[in-house]
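Read through the structure below, which is laid out as structure tokens, and then see the notes.
The values are calculated or read from the model by the stated rules, or taken from the named source; none is laboratory data. Treat the numbers as computed from the prediction; the structure is a model and nothing was measured. Here the Cβ positions follow ideal geometry from the backbone for every residue, glycine too, while neighbour counts run over all protein chains shown. All accessible areas refer to the heavy atoms of the entire protein, side chains included, with ligands and DNA or RNA removed. Shrake-Rupley method; radii C 1.70, N 1.55, O 1.52, S 1.80 Å.
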Amino acid sequence: MASITTGVAAGTGVAVRRRRYMDRKSLVPLLIFLPPSLILFTVFVVLPMVDAGTFSFFEWNGYGPITNFVGFENYADVINHRNFGTAVRNSLIVVAVSLLIQLPLAMWCAIALSERSVSINILRTIFFLPFMLAEVAAGLIWKFVYDGNYGLLPILGDALGTKMPFVLADKFWVIPAIMLVITWKYFGFHMMIFIAGLQSIPNEVVEAARLDGVKKWQIVRHIKIPMIRSAIVVSVFFAITGALQLFDIIIPLTNGGPSHSSHTIVTFLYQFGILRMKLGFGGAVSVLLFIACVIVALAYRRILFRVEQN
């Protein structure tokens, strides 16, 4: 009798599931909205990726037919280019700063500003405003701030009685200056992600811990941070992929200078591939960057899967 009941229930479940998937009310919106999104994704994502992969095997300047097949020569030129290593190093520095400085700062601010009040909402808005500013505008603003002749940095130096360096023209100072801009620009975005996660924690959990005499820092370490793990996972992924694709701030701020010392992988592609009309070279850079992003995404997912199993 139990097996018959189970079989009937299973058959009913399958029938309900089939009926649910074949429901016209669900099928009609799918047929309406899915094709346009697939077309847009294909035209603006898939086809450019295929074109970049095709260009990478040819020597082509963007005009005329694509006929000069060179195989993997463009990839060899990219790897052996004297500035490619600098671009990769700078991109890795951005990743490290994002993970070790930007995200901890965002977490600290989120914990401090997770309560609901008018003054705290004002502070949140102030910290979030840099992210709302366009990257190009942010780069131009900070270029003025760092200007060694007319910017705010030499004014600050005069007030302190010291001479400030021309940071954007100095190979030693240009990368720390860019890291400061990146942290200022994006930490508010991660802060809001963490605040959303913190506010989803039930108040009863925190109140119960307080009644048990748990200290505030212990609540943060052992209750709040573990319970917003999903928000941290999303934020770390955005930080890594965004760092690998950094472009809009570098171009108006330094344009890769001085002496190509502040290039990231994407600005390297733009400077030595697109501007110099070497689309095969640029295609090779883009393919290498795509492979790196895919590897990072797969590795990140695998690491998370192992952590969840443990």
ask   = What are the residues whose amide H is under 5 Å from the amide H of F58, where those residues sit 5 or more places off or on another chain and H is modelled from the backbone?
value = V70
key: Label-point separation, F237 to N121 (7 Å along Cα→Cβ), nm   = 3.1
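Taking DSSP loops as anything outside H, G, I, E and B, show the longest stretch in the chain free of trypsin sites (Lys or Arg not before Pro) there with at most 16 other beta carbons within 10 Å. It would help to have the intermediate numbers written out before the result.
On the way: sites that count: R82, R116, K163, K171, K215, R276.
Here the longest segment lacking exposed loop sites spans 1-81.
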ask   = In the set [x] -0.82, -1.04; [y] -0.73, -0.95; [z] -0.58, -0.83, which value of log10 I(q)/I(0) by the Debye sum over Cα atoms at q = 0.10, 0.12 Å⁻¹ was calculated from the structure you see?
value = [x]
query = Carbon and sulfur together cover what percent of the accessible area of the chain at a 1.4 Å probe radius?
reply = 68
query = Which residue, chosen from G257, F84, N121, occupies the Cα position most advanced towards the positive end of the dipole of the chain, where the dipole is computed from +1 (Lys, Arg) and -1 (Asp, Glu) charges on Cβ about the Cα centre?
reply = N121
ask   = Tell me, what is the 1.4 Å probe accessible area of D77, in Å² to the nearest 10?
value = 70
message = Rolling a 1.4 angstrom probe over the protein chains, ignoring ligands and nucleic acids, what is the accessible area of W217 in square angstrom, nearest 10?
response = 140
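Return one whole number: the accessible area per residue of the chain in Å², for a 1.4 Å probe. It would help to have the intermediate numbers written out before the result.
On the way: 19210 Å² over 310 residues.
On a per-residue basis, the chain sits at 62 Å².
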request  = Pop a pseudo-label 7 angstrom from the Cα along the beta-carbon direction at both S37 and L211 and give the gap in nm to one decimal.
outcome  = 4.4
Top positive-direction residue, dipole computed over the chain with Cβ charges, set S286, A96, V220 = V220
query = Per-residue ellipticity at 222 nm for the chain, helices alone: DSSP H runs ≥ 4 residues times -39500 (n - 2.57), over residue total, nearest 500 deg cm²/dmol?
reply = -21500 deg cm²/dmol
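Between K171 and L100, what is the FRET efficiency for a Förster distance of 35 Å, r being their Cβ-Cβ separation, to the nearest 0.05?
Details: r = 22 Å, r/R0 = 0.64.
Using R0 = 35 Å, I get an efficiency of 0.95.
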note = GNM on the chain, Cα springs under 10 Å; top mean-square fluctuation among H81, H260, H190 goes to H81
query = Suppose R0 equals 45 Å; then what is the FRET efficiency for I295 and A159 from their Cβ-Cβ distance, rounded to the nearest 0.05?
reply = 0.40
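For the chain, give the magnitude of the charge dipole about the Cα centre (Cβ charges: +1 Lys/Arg, -1 Asp/Glu; no others), in debye to the nearest 20. Mind dumping the intermediate values first?
Details: 25 positive and 15 negative charges, 207 e Å.
Computed charge dipole of the chain: roughly 1000 debye.
Work out the FRET efficiency for L47 and S259 from their Cβ-Cβ distance, taking R0 = 30 Å, and round it to the nearest 0.05.
After rounding, the FRET efficiency stands at 0.25.
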Positive-end residue of L211, Y146, F72, charge dipole of the chain with Cβ unit charges = L211
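Compare V118, V50 by solvent-accessible area with a 1.4 Å probe and give them largest first, with all protein chains kept in place.
Details: V118 110, V50 80 Å².
Putting V118, V50 in descending order of accessible area: V118, V50.
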ask   = How high is the relative contact order of the chain, in percent, with contacts defined as C-alpha pairs under 8 Å that are six or more residues apart?
value = 28
query = For the stretch 108-172, what class follows from the C-alpha gyration tensor (a ≥ b ≥ c being the square roots of its eigenvalues): rounded when a/c is under 1.5, otherwise prolate if a/b is larger than b/c, else oblate?
reply = prolate
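Taking the Cβ of I111 as the center, what net charge do the other residues with Cβ under 13 Å away carry, scoring Lys and Arg +1 and Asp and Glu -1?
Details: positive: R124, K216, R221, K224; negative: E115.
Value of the local net charge: +3.
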